[in-house]
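Undergrad: Okay, here's the structure, questions in a sec.
The values are calculated or read from the model by the stated rules, or taken from the named source; none is laboratory data. Owing to the predicted nature of the structure, the values given are computational and were not obtained by experimental measurement. Here Cβ is always computed from backbone atoms with ideal geometry, including for glycine, and neighbour counts include all displayed protein chains.
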Amino acid sequence: MKRKLVIILTLMICSSFMISAQTFALTDSFRNSIYNPGPLKPLDSLLKVKVGDRAPGFSLPSVSGKIISLSDYRDKKIVVLSFVPAAWTPVCSDQWPGYNIVEELFEEQNAVLLGITVDNIPTLFSWIQQMGDLWFPVLSDFWPHGAVADSFGLLRTDGVAERALVVIDKNGIISYIGVGDINVRPPLEVLIKELQKLNSK
Amino acid sequence: MKTIKFGRIIIACTFMITILGCANHLVAADRDILALDNQLPAIKLTTPEDQSLRNFLGLPEKESFSVEEIKCEILIIEIFSMYCPHCQKDAPAINELYELIESDKKVAGRVKMIGIGTGNSAFEIDVFKKKYKIPFPLFADADFTVHEYLGNVRTPYFIGICNQGKIKNRIFFSQLSGFNGAEKFLDTVLKASNCKQEK
């Protein structure tokens with residue numbers, strides 16, 4: 001039993017080193033402005049919700065100044081929550097610029113995207129400027145620190161959020177939770193397929 | 001006893017593989033793989049399903065191909081990512097470069113272009129292609145294999161290779177970012193190519 005555990009741990013440690021090579025494949029847009037935290041523990045929290053549960057409600061300030069509540073979209077839109085760990089870090093700094101060119105894909109699926117981090121508004125403001133403005137609202141889960149991330153079970157022990165995608169249907173029920181390795185960007189097709197699946201029901 | 005030995009062998013092998021992998025990565029990042037006059041590392045790509053793209057590259061119908069099989073004198077490769085804001089911003093101007101090449105009888109057929117989407121899946125490549133109406137072939141590098149071969153460069157990265165002369169796939173142009181417009185870029189690339197003199 002012990003031997004098996006050692007082997008599994010060894011494989012996990014080694015694969016995290018191998019992944020690190022890909023983590024920092026950065027766009028040149030952020031040259032010299034990204035903090036490199038090195039490879040992080042892939043997962044560091046326990047989910048508090050599951051598919052089929054009602055999503056915990058929230059109201060958070062957005063960078064535009066508006067307060068955005070999950071209930072704003074009730075009976076109107078599918079909501080996609082994109083939790084990313086922190087502003088000015090490698091993978092996060094290219095995940096949202098990618099979403100920035102697929103507004104039509106979200107519209108086709110009658111879905112809105114809400115980006116959420118645990119950073120404060122001034123930090124998010126500067127970061128978004130660097131990304132070249134985003135079409136979707138970016139919300140600050142800064143205070144009480146990470147409370148919304150924590151309500152989903154997505155707050156890590158060091159105070160940042162997991163890299164996670166949560167899809168919530170028009171009735172406020174969670175239809176998909178994707179919590180991936182924090183060091184790796186989730187492929188876009190996984191999310192789009194989940195939206196298509198929800199719309200085909 | 002045999003099981004213990006087997007377990008130890010697995011652990012030892014895994015560590016060796018990791019160390020070698022990381023060392024290779026570090027060497028790749030340190031050594032200037034894409035320095036001028038180097039040979040482009042051998043990279044394999046999936047053959048496009050679209051026949052017009054296969055015709056453009058002069059490739060037969062088969063599963064994969066090596067970059068050196070592309071029929072041209074000069075090949076311009078853009079290493080990009082759907083997720084890279086510079087790549088998104090440059091996309092229309094890079095399309096202009098393709099149009100410029102194709103509309104110039106002296107250049108068309110001799111100079112070809114491809115894009116390799118680092119860390120991008122086939123779906124993501126397709127999104128980028130449709131979004132910016134990219135007319136030249138784009139290839140997915142979802143698992144970063146090509147990216148690692150090319151020294152983990154940032155994006156967008158432009159590589160010019162010459163298919164003539166003693167060194168096959170000789171790199172004559174290697175530039176991170178800084179696309180300065182179709183005409184200027186093509187002019188710079190053609191001047192730098194020096195392909196004819198090597199013949």
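Undergrad: Please determine whether any residue of segment B:165-184 is more than 14 Å from every other protein chain (Cβ to nearest Cβ), in a helix (DSSP H, G or I) and in contact with a helix residue (DSSP H, G or I) (Cβ under 8 Å, 6 or more places away or on another chain).
TA: yes
Undergrad: A further question follows. Which numbered condition trips up B:Cys22, out of (1) modelled with pLDDT of 55 or more; (2) surrounded by 13 or more Cβ atoms within 10 Å (Cβ to Cβ)?
TA: Evaluating B:Cys22 over (1) modelled with pLDDT of 55 or more; (2) surrounded by 13 or more Cβ atoms within 10 Å (Cβ to Cβ) leaves (1) as the failure.
Undergrad: I've got another one for you. Just to be sure I understand, how many residues within segment B:57-97 are in a loop (DSSP other than H, G, I, E, B) and in contact with a helix residue (DSSP H, G or I) (Cβ under 9 Å, 6 or more places away or on another chain)?
TA: Within segment B:57-97, residues that are in a loop (DSSP other than H, G, I, E, B) and in contact with a helix residue (DSSP H, G or I) (Cβ under 9 Å, 6 or more places away or on another chain) number 12.
Undergrad: Got a number for residues in segment B:129-153 being in a loop (DSSP other than H, G, I, E, B) and either touching a residue at least 40 places away in the same chain (Cβ under 8 Å) or within 28 Å of B:Glu102 (Cβ to Cβ) (or both)?
TA: So the answer is 9.
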